[in-house]
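These notes are about the structure you will find just below.
The values are calculated or read from the model by the stated rules, or taken from the named source; none is laboratory data. Predicted model only: the values in this text are computed from it and were never measured. Because the Cβ atoms are built from the backbone with ideal geometry, glycine has one as well, and the counts that use them run over all protein chains shown. These accessible areas exclude ligands, DNA and RNA; they are computed on the full protein's heavy atoms, side chains included. Shrake-Rupley method; radii C 1.70, N 1.55, O 1.52, S 1.80 Å.
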Amino acid sequence: MDQAITGLHHITAISGNAKKNFDFYTKTMGLRFVKKTVNFDDPHTYHFYYGDKTGTPGTILTFFPWEDIMAGRRGTHMATEIGYSIPEGSIDFWQKRLEAANMIYNKPSSKFGEIYLTFLDPDGLKIELTVAEKTDDREPWVTDAISADHALRGFHHVTLTLEDIQPTADLLVSVFGYKLEKNLANRYRFVSPAGDTANYIDLVEAKGEPRGHVAGGSVHHIAFRMKDDAMQEHYREKIEAMGLHATQQLDRKYFRSVYFREPGGVLFELATDTPGFTVDEPVDQLGTHLMLPAQFEPQRAEIEQKLIKLD
């Protein structure tokens, strides 16, 4: 059985106003709205999924939008930035687009030989648009405003900011099969050799820096791809053998999940590729209906009444 982890499955973050989040990621950023559902633990709160045409693992950004959530604070013990891959020659397009949307951004810079543009989304979530050194051939979702020449391809990397990177690095290398590829000052880039895209994890060591607070505008957790249940159980057992507590498998309808906190304090998830987002909607209708977990269907009328309207 091939048990190599190829990279990220999805990243989940927290936002404030649901309508503002929906408008920004579908209109300004041009991502496909793949699924409109609710939080398994709080059915009166949306759970949004954005990605490519089918919600391919490695493209999926999800949000829990809580209207009155306090602002988070970036710091140690958390994932602090999400990196998207964009095509060569598209930096200027994105800079102008962010300016037009009145987003806070930094001028383009270079890191590990790749040009990138950093900005904050409407809730303060830090995002980097990176022109990957290796051409990213993933087929993007395109809109009338954003062509394939500029559209986001999916994840490039995610950054974890830690007090001490060594325990997390040991997990990535000895359990997940990642390798240290590059180092720049206090930033260490790890790569999964088994994957071609969404396969970078950057660890930033920030000794003495304040601990961050996960709330609005923060990453809640990051998920790694598991091709099936057997692979997931294999890694769950390896994590338990390290002395870390991993949950039993939880059914999230579109994938099955196991959660644990890595040694640096970041919540990690092992998420299966199957069954995928077409389990309850055909490809051409993804994101067009409110899809509820079966246990909440009897409450549909009440839930729909309480959820904010998106259009």
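Values computed for the structure shown
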item	result
Lysine-lysine proximity count for region 93-167, Cα under 19 Å, sequence distance 8 or more or distinct chains	5
Relative packing of 180-190, 104-114, which averages over residues the other C-beta atoms within 10 Å, highest first	180-190, 104-114
Partners for residue 306 among lysines (Cα-Cα distance below 21 Å; same-chain residues under 8 apart left out)	19, 20, 35, 36
Mean Kyte hydropathy of 0.5 or more with a Cα span along the axis of at least 15 Å, helices from DSSP in the chain	none
Semi-axes of the equivalent ellipsoid for region 196-291, Cα gyration tensor, largest first, Å	28, 19, 13
Under 20 Å from the Cα of residue 238 - aspartates and glutamates, other chains or at least 8 residues apart	2, 170, 228, 229, 262, 269, 273
Cα-centred dipole magnitude for region 1-60, charges only on beta-carbon of K, R (+1) and D, E (-1), debye, nearest 20	340
Within the chain: Cβ-based charge dipole about Cα centre, in debye rounded to nearest 20 (Lys, Arg +1; Asp, Glu -1)	500
Positive dipole terminus of the chain, leading residue within 118, 83, 260 (C-beta point charges)	118
Antiparallel DSSP beta bridges within region 1-116, percent to nearest 5	70
Residue among 137, 280, 121 with the largest mean-square fluctuation in a Gaussian network model of the chain, springs linking Cα atoms under 10 Å	137
Most to least packed among 260-269, 29-38 [average Cβ atoms within 10 Å]	29-38, 260-269
Estimated D of region 23-118 in µm² per second, where Rh is the Kirkwood radius over Cα pairs and Stokes-Einstein applies at 37 °C, 0.692 mPa s	209
Accessible surface of region 125-258, 1.4 Å probe, proportion on carbon and sulfur as whole %	48
Region 1-75 versus region 100-159: alpha-carbon centroid distance in Å	16
Nearest-20 debye value, region 1-133 charge dipole, Cβ charges on Lys, Arg, Asp, Glu	280
Two-decimal log10 I(q)/I(0) for the chain, as the Debye equation yields it once each C-alpha is a single scatterer, q = 0.08, 0.14 Å⁻¹	-0.33, -1.11
Antiparallel content of DSSP bridges confined to the chain, in %, to 5	70
Euclidean distance between Cα centres, region 190-216 to region 268-311, Å	29
